[in-house]
Amino acid sequence: MNVLKHMETLFLVAALAVVGTTYASAESYKAQVRADSLVSSDSGKMAVVKVTAKRIAPATKFA
């Protein structure tokens with residue numbers, strides 16, 4: 001019965017714990033992303049895509 005009286009306090013403590021751990025892990029993730037963006041992945045070759053298609057006749061564009 002004592003737990004039911006303090007349910008709001010328990011919820012707030014749990015929520016603060018989750019927010020704290022999320023914030024701490026987000027900071028380490030930001031640092032990892034910054035470190036990864038400094039690494040260059042220059043392989044020397046770039047993929048080229050050529051798209052070809054027939055032109056649509058003007059009569060069928062508005063039909």
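The values are calculated or read from the model by the stated rules, or taken from the named source; none is laboratory data. Computed from a predicted model, the values in this text were never measured in an experiment. Note that each Cβ is placed from the backbone with ideal geometry, even for glycine, and that neighbours are counted across all protein chains shown. Note: areas computed on protein heavy atoms with side chains; ligands, DNA, RNA excluded. Shrake-Rupley method; radii C 1.70, N 1.55, O 1.52, S 1.80 Å.
Brief remarks on what is shown
- Here Val49 meets each of (1) open to solvent by less than 90 Å² (accessible area, probe 1.4 Å); (2) at pLDDT 75 or above; (3) outside any helix (DSSP H, G or I) with one exception, condition (1).
- Test result for Glu27, in a helix (DSSP H, G or I), at pLDDT 75 or above and of a type in the set (Asp, Glu): no
- Filter pass, Val13 being modelled with pLDDT of 75 or more, surrounded by 10 or more Cβ atoms within 10 Å (Cβ to Cβ) and β-branched (Val, Ile, Thr): yes
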